[in-house]
Structure formats: C-alpha cells, structure tokens
Amino acid sequence: MDGALAVAMSRLMDEFLLLRVWDASQLEGKEGLRVAVEKLSVSLASASVGSGVWPAFPTGGTTSTGELSVSTTDELRASGRSLSSWPDNALTTSVDGTFSDDLHLICPASLPVLHEIATRLDRPFLAANRVNFEDAEWWTAEDMVKRWILATKLVGKVLTVMQTQLMAQECGAFDRFKDDYFMAIAKQSILVLLKFADGFTSTRSPEKLIYVLELYGALDSSAPSLLPLFTGKHGELISRQVPVVLAKLERALRAATGGLVAKIRTDSSRAEGVGVHPLARYAMTCVELLAPHREALDLILANAGEDPAGGAEGVASFGGLVSELIAGMERNLEEKSAVACAGGSLSRHLFLANNTSFVLSRAADAGVASLLGGDWAARRRGRLEQHAASYLEASWGPAVACLEAAAGGGGKPARALAKFNAAFEEARGSQAGREVPDPAFRAALREAVSEMVVPAYGAFLEKHPKLGKSVRYTAADVAQSLSELFEGDTGMAENRW
C-alpha cells in the first residue's frame, strides 16, 4: 500500500507540475517570450550580414598550412558588434518597458485546480523539482550562443515578474506551495543556463575566446539580479553553482589567451608581397575584439599566477596581453621578411613599413595605443620612419645619384640624363605595382619620393638648359608619374609610360 501510494503521489506530482500557474500564451504566442528572443536573434543576425560573420576570431585556417582566414576581418571590424552588448536597447524596450507591463504570466483559471490538488499534497513531494521550464529544442540552432546570452538576460527579468505576480495571488491551499513552486521553476531555468555555459568551460581554443568571454560577461553581469530570486536550499545551490561556472570559464579564458599568444608567435605562414600580412590583420582584429572586454580580462588575467593551467607567461592584464600579441606578431613578421626578402632589402623595408603603419593605425582605432603608452607608439613611429627612409634610398636613390654625379662634374650632362632616365624608368616600373594600403601612409610615402626626386631633377634641367630634345620628361611629368605610385596592380596597369 505504501509503494502504491508513493507511485500515485509521484504521478500526481507530475500532473501538478505540468499545471503551470503561468499563462502559456505569454510564452508561446505571437508576442511571447520565445518569439521575443527569436526576433532579437534574427535582428542581431541581420545586423551582422554586412560583416559576413559573427564577432568571433577568424577561423578556417591553420598555422601549419599558414592559412589565416582573415578575408572578412576588415568588415568584421567595421561592424563593431558584440554579442552581449548589442541587445541591451532592444531588451529595454521589450522587457524593461511596456512589454513587462503587459506581461501577465499568471493564469487565473489554473488557481482553483492548483488549490484542490494542493489540499491533497504534502510539501516534501515538491522536492521532485521536475518542471521542464525550458524546451531544449529551441536551443539547437547554430546561433545558440547568441540565444543563450539573450535568454540569460530575459530569464532573470521574466522570473522577477513571475515571482511578483505569483506572490500577489490568493491561491487558497496552494499558498503553502507558492514559494517552493516558484523556486522549482526558477531553479530549473537557471540550471539549464548554467549547464550550457559549463559546456564551454572545457574549451582551450583561441578561436572560441570571444564566445567564452561573451558567455562569461553575460553570466557575471546577470548573477547579481538572479541570485536574490532564490532562498533556502535553492539559494544555497545556485549561489554555489554560479561562482563555480564563472571560475571554470575564467580558467578556460586564461588558457585560451595563452594559446592565442602562442599561435601568433609560432605562425608559419610565408610573407608574400609587400602589403599587410594576414598575421598582422589577424592579430589586430583579435585586439579589437578583445578591447570591449578589457575590464573582465584585467580581473581574469590578474589571477593567472594562482591558476595551475596559467595563461600566457607574464601576462597579468589586458594591456599586457595586447603588448604580447603585438610584440609576438612583430617578431614573427621580422623573421618572415628576413627569409622572404633575403637579398632584397627594398622589399623588406616596404613590407615592414606597411605592417608597422597598419599596427599603429589599428591600435589607435581600437583605443589601445594610449593604454600601451606614448613610448610604445613613439618606438613604432621611429621604426616606420626608418623603414620608409631605407626604402626610399634603395629604390629611388640610384636615379638621384645619376644627377648628383653630373652636378659634381663627374660626367657629361647628356650622359647623366640618359642614366637618370634609365634608372628612373626602372625604379618606376618596378615600384608601380607596389601596394601601400593605408591612405595616409601612401600619401606620405608618395610625397617623400617626390621630394627626393623632383627637386633634384628640376634643378638639373635648369642648370643644363641646352639639353633640348634630350629631355624626355619635364619635372611636371615626373611629379605626375610619382603621384600615381603604390596603388598595387591597378596602378601598374593604368599608369604606364
């Protein structure tokens, strides 16, 4: 008889928990919470279509093959999106504003039924806590991380509304169970969220770093409003579980940052051409994506010394991480250029100048240049000037030297002019296809070339007016030709002499 009673009460408990006190239409209808999450997810996805990808680190390549997938990093950078920060305004209007005023979660018709059942139940049976508040099916889309962040923000707000409305009802005998009943719903909801977040605590992949940071940030910011919802043993359970998951996420993040530094240091892709290398784009995109999480990373990395798994050696702050990422990338590019441009200092200097200019520009855009300090920027500006000067001397110096030799009495003017024409045409022919991607640096480099060549050529022509028909180009022709440099293959095809 005792066994049969236990089975009967257990089945009755199942039915009791299925008779939810909230109005299901508020969850499932056209304006329900799930639809709200769906709409926010779709809006967020639509906003990222222009960038082509979500703001996670570029993937699709390996360091062993040297294929860093960074073709979309400029578009990604321009989108400026963050999984956790973007929905705030949308959430304010849909949950904090009029939406919450119209959100009537309590279904009055359920209350008499619950009262009748409650008169036949004892409190201990409520410990079953078998409410399946979250339908797992809607979590299975590819954008589950986005949905989780949205759901974490929504669940805390909705549970607060549900608790307020439930406690305001007169439910007869069910009043004895209201708090336990709400605790069962709330606990199950939060445990589902925590279980999902906990699934990311085992990752150590640098490519997952941003996703884990977004998960960590959403959970950390939501915890202060979620924890006060729970009391008694439920409160103790959730209060233990949340810090545990956060601590595990922190450890995963420290390991991932160490992996990211190592990946950039050891990238084995080759340097081809003189433009910005994919490794530089990858590293600076990582810096820009990490920048919004500066405060969280400062706290997480500060504890690296206490973590056996550790992180990047010597990195104890966001600033330290950025410094290591950029320094590792620069050393790697130095090595690549030395191998790829062996015997060709001209190409090496332009390659390093392009990449140094790129780093300075992107560091300023990401707001980390000031964090790294004035000396950091000054050193790189000095390197940029040095590489630019070395490039000018190697590429255009020989042409100017022909004119200087004639000025010093080292040859006949006509012969010097012929040598200059040959050297200038060779230099321009070889440099016309060179690319300088940054507009500001391209303009500065063009001006430097022009200032080096045009005045010297103009002065030579003025000094030797009898050259007559031997003069193939005027000083204006030379200046115009130099103003079209550094456009890459397009410039080479469109600006032939």
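Condition check ((1) closer than 23 Å to LYS157 by Cβ; (2) among the charged types (D, E, K, R); (3) surrounded by fewer than 19 Cβ atoms within 10 Å (Cβ to Cβ); (4) touching a residue at least 12 places away in the same chain (Cβ under 8 Å)) across all residues:
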position	(1), (2), (3), (4)
ALA218	yes, no, no, yes
LEU227	yes, no, yes, yes
PHE230	yes, no, no, yes
GLU236	no, yes, yes, no
GLN241	yes, no, yes, yes
VAL245	yes, no, no, yes
LEU249	yes, no, no, yes
ALA255	no, no, no, yes
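For region 394-406, the count of residues that are farther than 30 Å from LYS466 by Cα, part of a helix (DSSP H, G or I), among the hydrophobic types (A, V, I, L, M, F, W, C) and in contact (Cβ under 8 Å) with a residue 40 or more places away in the chain is nonzero. One residue stands out among those in region 168-190 that are in contact with a helix residue (DSSP H, G or I) (Cβ under 9 Å, 6 or more places away or on another chain) and more than 15 Å from GLY232 (Cβ to Cβ): the one that is modelled with the highest pLDDT, which is SER189.
Could you tell me whether any residue of region 195-205 is touching an Asp or Glu at 6+ places or on another chain (Cβ under 8 Å) and under 23 Å from TRP148 (Cα atoms)? Don't jump to the end; show me each part of the working.
Step one: filter region 195-205 for residues touching an Asp or Glu at 6+ places or on another chain (Cβ under 8 Å), giving none.
There is no residue in region 195-205 that is touching an Asp or Glu at 6+ places or on another chain (Cβ under 8 Å) and under 23 Å from TRP148 (Cα atoms).
Mind telling me which of the residues LEU392, LEU384, LEU403, LEU445 ends up being more than 30 Å from ASN355 (Cβ to Cβ), buried (at least 20 other Cβ atoms within 10 Å of the Cβ) and not β-branched (Val, Ile, Thr)? Full working, then the answer.
On the way: LEU392 fails: more than 30 Å from ASN355 (Cβ to Cβ); LEU384 fails: more than 30 Å from ASN355 (Cβ to Cβ); LEU445 fails: more than 30 Å from ASN355 (Cβ to Cβ).
Within the list LEU392, LEU384, LEU403, LEU445, the selection yields LEU403.
Within region 334-380, being touching a residue at least 60 places away in the same chain (Cβ under 8 Å) and over 22 Å from the mean Cα position of the chain (by Cα) holds for LYS336, SER337, VAL339, ALA340, CYS341, SER347, LEU350, PHE351, ALA353, ASN354.
The values are calculated or read from the model by the stated rules, or taken from the named source; none is laboratory data. Quick caveat: nothing in here was measured; it's all calculated off a predicted structure. Because the Cβ atoms are built from the backbone with ideal geometry, glycine has one as well, and the counts that use them run over all protein chains shown.
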